[in-house]
Amino acid sequence: MLTFLGIHVLGRAVAVSSGSVIEVFARIGVSEEAVRSTLTRMASRGLLTRHRDGRKVYFGLSPRLAAVLEDGRRRVWETGAVNRAGDGDWTLVGFSLPDSRRGDRHDLRTQLTWEGFGPLQNGLWVAAGSRDVTAIIEQLDLAGHVTVLTARPAKPTESAELVRKAFDTKTIEARYLDFLAKWDTARSPWPDDLTRQLVLHTDWLQVIRRDPHLPAEHLPGGWPAERAERLFRKLDESLREGAAKEAGAVLDTLAVTG
């Protein structure tokens, strides 16, 4: 759902009807009940805004969700899959939370993973480069429980050692290889450019959102991220015009303000 909203709603002052969302997802085998449940749940969590026009219900983006989707857009189109700008700095986040806040501990780990951090040791996570985690700490109300530092490794510690200890590079590499194996083929099970674009973007986001964007110099030779990114961009370009035409014909939108 996030991929769909990022492609077709982000950056536009519109809401989209639940009926047309259901129609799109039916093409990739998602049931009407599942789509309605997802939309309702996202609206109840303040991620979507609900609008009515007669008997139709439309859903738009809340500012909170728009910010999340914009971050995803930047990761896809601006950040890139390969980090060639490593400067030797690392951000360290140390934390200690009581069992009474185990839910916050889980949420912190989840959000740190999304921001490119990996667990170096118990209660100490690291990420390449300078990372701003202020918003995470404020959102979870963890001031006083978290320590954040930016530092460089000193002997005998090397950056390559941090990569090896804190990140599962074999699993990260396997995700790129799986993407290449699935999409580097002329065969497609999807019925049209609209659905193929949706699945393509979903698969790519699942790969890059779990990539900590480690400096290329510390990754194994033949790292497949650049090859996978070239394929993604090539396929997206080939699908974009057809997908836009199909979306224009299928999606029922309502102009919204605010």
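Read-outs: derived from the displayed coordinates by stated rules, not from any lab. Keep in mind that this is a model prediction, so the values were computed, not measured. Backbone-built Cβ (ideal geometry, glycine too); neighbour counts: all protein chains shown.
Quickly rank 172-179, 207-214 as a protection proxy: mean count of other C-beta atoms within 10 Å, highest first. Before the final figure, lay out the partial values.
Numbers: 172-179: 17.0, 207-214: 19.4.
The peptides rank, most packed first, as 207-214, 172-179.
Taking the Cβ of ARG152 as the center, what net charge do the other residues with Cβ under 12 Å away carry, scoring Lys and Arg +1 and Asp and Glu -1?
-2
What is the sum of charges, Lys and Arg at +1 and Asp and Glu at -1, for the other residues whose Cβ falls under 13 Å from the Cβ of ALA181? List each step's numbers first, then the result.
Working: positive: ARG175, LYS182, ARG187, ARG227; negative: GLU173, ASP178, ASP184, ASP203.
Taking every other residue near ALA181 into account, the sum is 0.
If I model the range 90-151 as equal point scatterers sitting on the Cα atoms and use the Debye formula, what is log10 I(q)/I(0) at q = 0.16, 0.20, 0.29 Å⁻¹?
-0.43, -0.69, -1.52
Which lysines have a Cα less than 28 Å from the Cα of LYS245, not counting those fewer than 8 places away in the same chain?
Partners within reach: LYS56, LYS182, LYS234.
If each of THR113 and SER100 carries a label point 7 Å out from its Cα toward its Cβ, how far apart are those two points in nm?
Placing both labels 7 Å along Cα→Cβ, they lie 2.7 nm apart.
Mind grabbing the base-10 log of I(q)/I(0) for the chain at q = 0.09 Å⁻¹? Debye formula, identical points on the C-alpha positions, no solvent, two decimal places.
With one equal scatterer per Cα and no solvent, log10 I(q)/I(0) is -0.50.
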